[in-house]
1. Report the Rg/Rh value for the chain, based on alpha-carbon coordinates and the Kirkwood definition of Rh.
2. I want to verify a result. In a Gaussian network model of the chain, Cα cutoff 10 Å, which of these has the top mean-square fluctuation: N57, N65, N16?
3. Eigenvalues of the Cα gyration tensor times 5, then square-rooted: what semi-axes does that give for the range 8-63, in whole angstrom, largest first?
4. For the chain, modelled as a GNM with alpha-carbon contacts under 10 angstrom, which of G25, G62, G44 fluctuates the most?
5. Please list, by residue number, every one of the chymotrypsin sites (Phe, Trp or Tyr not before Pro) in the range 1-108 that is coil in DSSP and has at most 15 other beta-carbon atoms within 10 Å.
6. Have a look at M89, M69, M19 and tell me which one the Gaussian network model of the chain (Cα, springs below 10 Å) gives the largest fluctuation.
7. Of the GluC sites (Glu not before Pro) in the range 1-94, which ones lie in a loop per DSSP and count no more than 16 other C-beta atoms within 10 Å?
Amino acid sequence: MPLHTLMFAGMLVMSNLFMTFAWYGHLRYAHTSPWYVAVLASWGLAFFEYAIQVPANRFGFGFLNVMQMKVLQEVVTLSVFVPFAILFMDEKLRLNHLWAAVCLVGAVYFAFAD
């Protein structure tokens with residue numbers, strides 16, 4: 001994978017770290033804080049997600065098409081989400097999750113194939 005594509009993916013990883021915590025991190029404390037606290041905290045995190053994601057997409061659009069960017073973004077999202085779910089949310093990894101990952105690898109292949 002070319003360096004500029006790796007740089008784009010790295011920016012997406014940073015963006016997705018913020019996004020994952022904004023969307024799902026508050027669920028760990030769902031029973032101890034009111035929903036409006038979660039909304040405010042999520043909005044605060046989403047600012048940083050967008051502050052990285054928008055420049056990443058503008059950068060990536062210089063050498064990738066929109067379909068390639070979206071497929072890569074989905075793979076990055078799940079690559080960030082799975083460790084988050086296991087380590088932060090105490091979810092269990094199952095065999096069907098592995099098969100879903102295999103399908104994503106296929107999606108990347110087809111999105112980037114000539």
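1. 1.02
2. Between N57, N65, N16, it is N65 that shows the largest mean-square fluctuation.
3. Values for the range 8-63, descending: 28, 10, 5 Å.
4. Fluctuation is largest for G62.
5. Those satisfying the criteria are F61, F63, F88.
6. Sorting by GNM fluctuation, first place goes to M89.
7. Passing sites in the range 1-94 are E91.
Computed from the coordinates by the stated procedures, all read-outs in this text should not be read as laboratory data. All values derive from a computational prediction rather than experimental measurement. With ideal geometry, Cβ positions are generated from the backbone for all residues, glycine too; neighbour counts draw on all protein chains shown.
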